[in-house]
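The values are calculated or read from the model by the stated rules, or taken from the named source; none is laboratory data. All of these numbers come straight from a predicted model, not from anything done at the bench. All Cβ positions, glycine included, derive from the backbone under ideal geometry; neighbour counts span all protein chains shown.
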2 protein chains.
Amino acid sequence: MQPDATPTPTFADVAAAADRIGSRLARTPVMNSASLDKRADRRVVFKCENLQHGGAFKYRGALNAILPLAMAGNVTAVATHSSGNHGTAVALAAKVCGLDAYVVVPRDSARPKIANIEQAGGTVIFCEPGLPAREAAVAEVMRRVDAHLVHPFDDARVIAGQGTAALELLTEEPDLDVICTPIGGGGLIGGTALTAKAMAPRCRVIGAEPLNADDACRSFRSGTRQSVVTPATIADGLRGSIGVLNFALLRRYVDDVVTVTEQEIVNAMRIVLQDLKLLIEPSSAVAVAALLAGKLGSSRQRVGIILSGGNVDLDQCPFLRGETVK
Amino acid sequence: MQPDATPTPTFADVAAAADRIGSRLARTPVMNSASLDKRADRRVVFKCENLQHGGAFKYRGALNAILPLAMAGNVTAVATHSSGNHGTAVALAAKVCGLDAYVVVPRDSARPKIANIEQAGGTVIFCEPGLPAREAAVAEVMRRVDAHLVHPFDDARVIAGQGTAALELLTEEPDLDVICTPIGGGGLIGGTALTAKAMAPRCRVIGAEPLNADDACRSFRSGTRQSVVTPATIADGLRGSIGVLNFALLRRYVDDVVTVTEQEIVNAMRIVLQDLKLLIEPSSAVAVAALLAGKLGSSRQRVGIILSGGNVDLDQCPFLRGETVK
């Protein structure tokens, strides 16, 4: 299963996506916190995609891919594989568009994410972890039900949709010196980078990754696309490897890729909860951890971070657990 | 120490407060969640005062009380007693107005709230728990430094300031059938009730209390003001008893007072975290718990809840604890 043979998206595709999907999105707020600014010794704003429909930015790309399919009139179902948030997004977007959604999910995905897919009306099909098993399962589903693939990240329409988060952020905050997102498959950093370089050419774009899943960082440094296999990171949304289109965008538009430790990720999650009163998932906390580790430019620079999602298994998180009281 | 001999505030005082303080407030969002609507079987909107300056609605009342004092020109310091959020609010508002702030705090207050007061520039003075000890300590401070009292709840200017949260909520959501806030000293429910009855006369106003600190409920039912002494509730902001002015407003404008258990409070806090991605403190969760227990009107009614604050000691909360990862 190869991604559609689409060309690398451009800023015109992001602008078109914003027109296409804008009215159907949650208009997520841009937040800040005096306490967090003090910790980071700079002004930081957060685009809260944890408050997007489905609890993650993924709804943007999924809707931008699925709306045109539905309008073409000859597609009745879509299929995808996803560690969770993209699956929910595809299920939600398919429902809005009147299509069926089939979502292949690795067995080790976070439970609330699986529940979200089902609650959104998607049909969940489990597979073993790892890209080969996922792709085989999706191919089987596509044959069986004649579904159209909506790739989680390596698709120009998906990337253009994800770029609309940065478009909204830079419309509200045009003077950012640095913009940062986490990197998993690379749809968010790709869409963000091409948007930032069009709207704010002086703004540096930095991707953040778990040290334990640093394929994009190694790809960026080496100039050839690297991969990881079932990496040991709490950031479950970032366990995949960077896609082909996204690696092209990374090389062309991204200024740096930095890494953070597992402890830094959990600390950042906790600090966002304390200072911003927002629950973010570990994958989102990776970008905040990079900020707090001093890896997003120098002091006094204005930083924008896209908080990518907020779907957390409260029972599994190292500092969130279920417990009853008397 | 009696509250100032101010008359019971009116909606005109709330409108004047909105004019006076509006430009200095965080414009807190009104949020909702499809998942939470489903749980509650009705449409629910949340006015997010956990995102207000100082992490609670208290900044509204404090600023509305302190701004006129500062403009009068003959006051150099303010003093108050507070279990936490009002103290931070007074410290922040005093700093904005160029005054010193002295805050008497019971020793058993949540640690992050004490840290917030100090970070806001307030001078913290510890006292034993309980209203008599608080009042004695404040009286001593007022004598010593010639400070003006800013009462945490039983003050017309403070109540009018708190009412501006409901004013903003009802401006955005004019068709609410029910509006609910927690009740501690009663400043929030008092300001909310007189605002709601002026702006949306058909909207029912319901106060929510911990069963373990049900003085306002007993006062409401009996018609005479009751008190509690160091009640055993996780809702640390609601351990005080309802004030004189606020009891008058409660009798006049509030339609019902309901109670919830400690377990319901913690569950509600967790559900808000999961569904809305928002950290709220136990005192705020009391109103959400009342919703989830089916105590805020019937299904299909539109409910507005004021999320009063988000200052939580993550190490102390029954389902939030510190833990390091490898």
Hey, among the residues in region B:273-306 that are within 9 Å of chain A (Cβ to nearest Cβ) and under 21 Å from B:T192 (Cβ atoms), which one's surrounded by the fewest Cβ atoms within 10 Å (Cβ to Cβ)? B:L276
Step by step: first the residues of region A:222-244, then only those that are more than 13 Å from the chain's Cα centre (by Cα) and of a type in the set (A, V, I, L, M, F, W, C), then the one that is nearest to A:R111 (Cα to Cα). Which residue is that? A:I234
Could you count how many residues in region B:215-236 are on the phi < 0 side of the Ramachandran plot and either touching an Asp or Glu at 6+ places or on another chain (Cβ under 7 Å) or surrounded by fewer than 22 Cβ atoms within 10 Å (Cβ to Cβ) (or both)? 15
Of the residues A:R218, A:R157, A:R225, A:R144, only one is free of Cβ contacts under 8 Å to residues at least 24 places away in the same chain and in contact with a helix residue (DSSP H, G or I) (Cβ under 7 Å, 6 or more places away or on another chain); which? A:R225
Would you confirm whether or not region B:185-205 contains a residue that is polar (S, T, N, Q), crowded, with 24+ Cβ neighbours inside 10 Å and either under 14 Å from the mean Cα position of the chain (by Cα) or part of a helix (DSSP H, G or I) (or both)? yes
If you take the residues in region B:20-44 that are small (G, A, S) and surrounded by fewer than 19 Cβ atoms within 10 Å (Cβ to Cβ), which one is nearest to A:R27 (Cα to Cα)? B:A34
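From the residues in region B:12-66 that are hydroxyl-bearing (S, T, Y) and more than 22 Å from B:K277 (Cβ to Cβ), which one is farthest from the other protein chains (Cβ to nearest Cβ)?
So, considering only residues that are hydroxyl-bearing (S, T, Y) and more than 22 Å from B:K277 (Cβ to Cβ), the one farthest from the other protein chains (Cβ to nearest Cβ) is B:S23.
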Is it fair to say A:E140 is over 20 Å from the mean Cα position of the chain (by Cα) and acidic (D, E)? yes
For region A:259-272, how many residues are more than 8 Å from chain B (Cβ to nearest Cβ) and either over 14 Å from A:A213 (Cα atoms) or not in a loop (DSSP other than H, G, I, E, B) (or both)? 9
Which of (1) surrounded by 19 or more Cβ atoms within 10 Å (Cβ to Cβ); (2) away from every other protein chain (no Cβ under 14 Å); (3) modelled with pLDDT of 95 or more; (4) in contact with a strand residue (DSSP E or B) (Cβ under 9 Å, 6 or more places away or on another chain) does B:L249 not meet, given it meets every other one? (4)
Name the residues in region B:164-174 that are in contact (Cβ under 8 Å) with a residue 40 or more places away in the chain and either within 14 Å of B:C203 (Cα to Cα) or surrounded by fewer than 24 Cβ atoms within 10 Å (Cβ to Cβ) (or both), would you? B:A166, B:L167, B:E168, B:L169, B:L170, B:E172, B:E173
Looking only at region B:91-135, count every residue that is among the hydrophobic types (A, V, I, L, M, F, W, C) and free of Cβ contacts under 8 Å to residues at least 12 places away in the same chain and tell me the total. 1
Can you name the residue in region A:108-163 that is charged (D, E, K, R) and closer than 21 Å to A:T10 by Cα and is also surrounded by the fewest Cβ atoms within 10 Å (Cβ to Cβ) among such residues? A:D154
May I ask you to list the residues in region A:136-159 that are in contact with a strand residue (DSSP E or B) (Cβ under 7 Å, 6 or more places away or on another chain) and in a helix (DSSP H, G or I)? A:A137, A:V138, A:V141, A:M142, A:V145
If we keep only residues of region A:69-83 that are crowded, with 20+ Cβ neighbours inside 10 Å and hydroxyl-bearing (S, T, Y), then the residue modelled with the highest pLDDT is A:T80
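Within region B:279-294, track down each residue that is assigned to a helix (DSSP H, G or I) and either at pLDDT 95 or above or outside the structural domain of B:R204 (by TED's automatic domain parsing) (or both).
B:S283, B:S284, B:A285, B:V286, B:A287, B:V288, B:A289, B:A290, B:L291, B:L292
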